[in-house]
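Accompanying notes for the structure given below.
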Amino acid sequence: MKIHLAFLALVPFLAEIGFSQESLIPYDRIFVSVHTKTFPDRKHKGAKLNVSVRMSKGPEDGEDSASIDINCFDFSAGQRMMPEQDLEAFFEVSDAALAGKDARKEIVTKTFRGEKNSVYESVVDGDGRIVRMSRGEESTDFRPEEAGRVRAALAEARIGKAWFEKILVATELPEVSPEARPPRSEGYYLDSQVGLVSGRGIGYEITVSTNGMTEGQSYHITHGLIVYTNGQMTRTMGGDWVKALLHKVTLALDAAKNGRDYSFKSGEDDGRRYEVKANPTTKEADLKLTLGNFFGKREPKEAHFGVAQLDEIRRLIDEFEVRKRWFENNERLFFTPTEKE
């Protein structure tokens, strides 16, 4: 019965999705992440094993994909991952702790910071037992019951992964089943690029974004800059300052078209600053972006925006509303809402 109800929850969106189009999801450049285990408050140590199922459609490099990601957020960035070997050790030692037994497993984990020794131990804590996990210089403790919650979240993530694999290639809505359905979660994270306009050296990006895991399921526009080095994307930046930068580019273009001078220099914020100048000769706005020590680079990046690029950016801003409405109307393709704990 639950399967039929889950399917019916998606039926109202079929009219907008349509059966005759080439793809069930009409957009590319989509990244979705759904937490299948409640993401805990960062103050609650020992409960920060996070399980998520992810989907990527039309990435700039690579193929469409669905995957499961498990991280321990008690550890610092770069060594939070929990690959299969670590999960097996965690489950084994947790089961021993629940049975009141001693256990210890030591393995080598490949992290973004190189290979680290990871140790899992069942140790006495007061009248009971805990699972102590250490990696390099860092350690954290878990109640052994956490293993059951992780197992349940992993099972839910596998169901979600099977569903994502279906909708990535589907031309019509797949049948919901116990093995493949939208994963249950309090919300989902979405990042969908509406478009990218090249400023010859720096790209300007318009994106639909939402993060219902932390702030409620509301959709908003994100203005971003993409920096290239030797033709390859090296970093992306976003925030209100990018939108403010676009306004300065507009002023500079207006001045350039009318043969006037214009220049603006920002203050430094978060390790970067920028300068915008009107170029009456080329009828362009010249941008110089200095990333600073925060990004590990001091050489400024240059870009040049003309009227055509500005018109294209404005077109993408208008298109944002259409895409936003599509995701608002079809978000249940990506997760099944549950009540927040």
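All of the numbers you see were taken from the coordinates with simple rules; none came from a lab. Keep in mind the model is a prediction, meaning the values are calculated, not measured. Every residue, glycine among them, receives a Cβ derived from its backbone with ideal geometry; neighbour counts consider all protein chains shown.
Pairs from the list Lys277/Lys301; Lys110/Lys301; Lys243/Lys283; Lys248/Lys283; Lys57/Lys324; Lys57/Lys161 with a Cα-Cα gap above 23 Å: Lys110/Lys301. Each Lys or Arg adds one and each Asp or Glu subtracts one; over the other residues with Cβ under 12 Å from the Cβ of Val208, this totals -2. Remark on Thr111: its backbone amide H falls under 5 Å from those of Lys116, a criterion applied only to residues 5 or more positions apart or on other chains, H modelled at 1.01 Å from N.
If you take all other residues with their beta carbon under 13 Å from the beta carbon of Ala170, and give Lys and Arg +1 and Asp and Glu -1, the sum is -3. Dividing the summed helix terms, -39500 (n - 2.57) for each DSSP H run of n ≥ 4, by the number of residues in the chain produces a 222 nm estimate of -9500 deg cm²/dmol to the nearest 500. With K and R counted +1 and D and E -1, the other residues having a Cβ less than 12 Å from that of Pro182 yield a net charge of +3.
Between the entries (i) 31; (ii) 41; (iii) 46, the label attached to percent of Cα pairs over 32 Å apart calculated for this structure is (iii). Here the residues Tyr274, Tyr262, ranked from fewest to most Cβ neighbours within 10 Å of their Cβ, fall in the order Tyr262, Tyr274. Just name one of Gly195, Gly100, Ser23: the one whose Cα is farthest towards the positive end of the charge dipole of the chain (beta-carbon charges, Lys/Arg +1, Asp/Glu -1). So the residue furthest toward the plus end is Gly195.
Computed from backbone phi with θ = phi - 60° and the Karplus coefficients 6.51, -1.76 and 1.60, the 3J(HN,Hα) list for the stretch 66-76 is 10, 8, 10, 10, 10, 9, 9, 7, 7, 9, 6 Hz; x is used for glycine and proline. Here the label points at Asp69 and His304, each 7 Å from Cα along the C-beta direction, are separated by 3.8 nm in the simple model. Qualifying trypsin sites (Lys or Arg not before Pro) in the stretch 295-337, where qualification requires a DSSP coil assignment and no more than 11 other C-beta atoms within 10 Å, comprise Arg298. Estimated from the Cβ-Cβ distance and a Förster radius of 51 angstrom, the FRET efficiency linking Lys265 and Lys101 is about 0.20. As a rough guide to protection, the peptides 27-35, 187-195, 142-150 ranked by mean Cβ packing within 10 Å, highest first, stand as 187-195, 27-35, 142-150.
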